[in-house]
Amino acid sequence: METGLDGTNLEGLTIAEARSAVADGRISATALVEQHYERITAVDGPSGQGINSYLALSRERALAQAARIDSMVAAGETLPPLAGVPVAIKDVLAMQGAPATAGSKILAGYRPPYDATAVRKLEAAGAVLLGKLNCDEFAMGSSNENSAYGPVRNPRALDRVPGGSSGGSAAAVAADLCVASLGTDTGGSVRQPAAFCGVVGVLPTYGRVSRYGLIAFASSLDRVGPLTKTVEDAAILLEVLAGEDPCDATSSDRPVGSYLSGLNQSIAGLRVGVPAEYFGDGLDPEIRAAVERAIEGLRAAGCAIHPVTLPHTRYAIPTYYVLATAEASSNLSRFDGVRFGLRAESATTLSSMFRETRDEGFGPEVKRRILLGTYALSSGYYDAYYRKAQQVRTLLTQDFLKAFAEVDVLVGPMTPTPPFKLGEKTDDPVAMYLADIYSVAASLAGLPAISVPCSETAAGLPIGVQIMGRHFDEATMLRVAAAVEQQRKLQQSTAQ
Ligand code: GLN
């Protein structure tokens, strides 16, 4: 699509388009940043559509980087892969000097003195960092309604949630308030909001992208991933982000593949597994039909479709919610009023300062999880809950390894329902947890997965299909995702 970069039209603007417009001198990086800020002012706040995706803007840093790119263009220098591309960052990742709230009151006023590795890599590749994006408090949630700074609205349906926890990251991309963004995914938080907002979201293999500078929620599950408007953009970003980092001992030293160059290779002959457990009761009929159509499209493109079974799937949610809360209860103990952000001023003793700071600073969902996790780890319950959940995690992983002995990717729905209404599930935490039914198993198994828009409901709400790959085989997963995206484009053009 040729985008009119005339100060009004950022709609659908991709990384490749933005970069080439800057490289060809059709627009300066500075003007492109300014256009995004104008659009953010017009759309994001209460006087616009009230999307509320940005928590902070990093204007000075963005303009300095844009000026740097503009002078490289003027000097005819070779440009890096993201030259001049405006991106934004979920507020759980450190950007030096900018606020990092993690959507929580307890971090109010905290400004990290360093950059997360993912942030540093983006900027080194020429990206322009626009600011920090809203999210559920400490990335705990599936609707962005747990943010202490107000919910985010879904740009595709303003009375509905954008998904969570990276709700701001998905909404900002969907509303063209940045070209791409970073989110984090512990149990679905990149993929589910991507599906709800009609954008692409990638969960890279555990270890593929450094987490240095990420405010930890559940360290055996947390991952950083891109949200983009196209699969090609996701491949470009992943190539920049992936790789070993001496600052993150869990990052992998496996060589990084060339995700972009393989993207348009034929998918004929690939074996696509369809897990029976992902099409059970509770799956919205329109989503079922859309995902089945996408699978038929893969068959028509020459893939062999194999029914497979992942028999432990029904244990994935309870397993995830024991392990994630246990790890959170430990990770969040560092927020005590001493080192970061908020300190309860009225406290008179050290221990009352700890207590009151945590009481004032954490929201209800975070407190619920600290309690749940502390319980699961406590003596007498550890074996019944924490140890058991670790054992089930192994069984879930083995299900996937067996399936991947026979197929190259797995395909199924990303979410059981389309985006729900704001407020619809806020009084029922278990109903909210069940929204993660198709997300958490890949998280527990460390597998890469992607959500790609494949259709929409009769009411016009986005539907995402999920493609899961083998460990470190993002390349095949992205190739299949590109084919799904291509088929959708063909459908849309024939429908017009
Ligand atoms: N919705 C899940 C939860 O609330 C996943 C969150 C995430 O991936 N950060 O824990």
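Every number here is computed from the coordinates shown, using simple stated rules; none is lab data. Quick caveat: nothing in here was measured; it's all calculated off a predicted structure. Cβ atoms come from the backbone with ideal geometry, glycine included; neighbour counts cover every protein chain shown.
One Cα centroid belongs to segment 366-410, the other to segment 116-174; the line between them spans 27 Å. Cross-link check: pairs 121/489; 367/425; 105/425 evaluated at a Cα-Cα cut-off of 25 Å; pairs beyond the cut-off: 121/489. In terms of the mean number of neighbouring beta-carbon atoms within 10 Å, the peptides 337-344, 375-382 order highest first as 337-344, 375-382.
Packing, taken as the mean count of other beta carbons within 10 Å per residue, orders the peptides 105-114, 182-191 from highest to lowest as 182-191, 105-114. Between residue 379 and residue 306, the modelled labels are 4.8 nm apart [label points 7 Å from Cα along Cα→Cβ].
Residues within the reach of a label modelled at residue 493 (point 7 angstrom out along Cα to beta-carbon, backbone nitrogen below 18 Å), restricted to segment 11-27, are 12-14, 17.
Working note: Cα gyration tensor of segment 274-379, eigenvalues times five, square-rooted, sorted largest first, giving semi-axes of 47, 16, 12 Å.
Shape summary of segment 174-218, radius of gyration then Dmax from alpha carbon positions: 11.4, 30 Å.
The distance separating the Cα centre of segment 55-83 from that of segment 301-356 comes to 36 Å.
When a/c reaches 1.5 or more, the comparison of a/b and b/c decides; with that in mind, is segment 108-223 rounded, prolate or oblate per its Cα gyration tensor?
Numbers: a/c = 1.42, a/b = 1.32, b/c = 1.08.
It is rounded, given that a/c, with a ≥ b ≥ c, falls under 1.5.
Three principal axis extents describe the C-alpha atoms of segment 160-241; from largest down they are 31, 27, 18 Å.
What's the whole-number percent of alpha carbon pairs in the chain lying beyond 42 angstrom? Present the calculation step by step, with values, prior to reporting the outcome.
Working: 14841 of 122760 pairs.
Tail of P(r) above 42 Å: 12 percent of Cα pairs.
Here residue 68 and residue 108 are evaluated by their C-beta separation; at R0 = 41 Å the FRET efficiency comes out at 0.85. Close amide-amide hydrogen proximity is noted between residue 128 and 84, 85, 87, each under 5 Å apart and 5 or more residues distant or on a separate chain (H modeled in the peptide plane; Pro and chain starts excluded).
Estimated at 0.36 nm per residue, the fully extended path between residue 352 and residue 258 surpasses their Cα-Cα distance by 28.5 nm.
About the centre of its Cα atoms, segment 416-496 shows a dipole size close to 280 debye [charges on the beta carbon of Lys, Arg (+1) and Asp, Glu (-1) only; nearest 20 debye]. Using C-alpha pairs under 8 Å with a sequence gap of at least 6, the mean separation divided by the residue count of the chain gives a relative contact order of 16 percent. Taking label points 7 Å from Cα along the Cα-to-Cβ direction, residue 244 and residue 333 give a separation of 3.2 nm.
Give, in nm to one decimal, the length gained when the segment between residue 367 and residue 159 is fully stretched (0.36 nm per residue of separation minus the Cα-Cα distance).
Numbers: separation 208, 0.36 × 208 = 74.88 nm, distance 2.72 nm.
Gain on extension, residue 367 to residue 159, equals 72.2 nm.
With the Cα gyration tensor of segment 1-160 giving a ≥ b ≥ c as the square roots of its eigenvalues, does the rule (a/c under 1.5 for rounded; else a/b larger than b/c for prolate; else oblate) give rounded, prolate or oblate? Cα axes put segment 1-160 in the oblate bin. Residues within the reach of a label modelled at residue 20 (point 7 angstrom out along Cα to beta-carbon, backbone nitrogen below 18 Å), restricted to segment 203-247, are 229-237. Couplings for segment 188-202, taken from phi via the Karplus curve 6.51 cos²θ - 1.76 cosθ + 1.60 with θ = phi - 60°, read x, 5, 9, 6, 5, x, 4, 4, 5, 9, x, 10, 9, x, 10 Hz in order; Gly and Pro are left as x. Listed by chain and number, the lysines placed with their C-alpha closer than 23 angstrom to that of residue 421 are 90; residues fewer than eight positions away on the same chain are left out.
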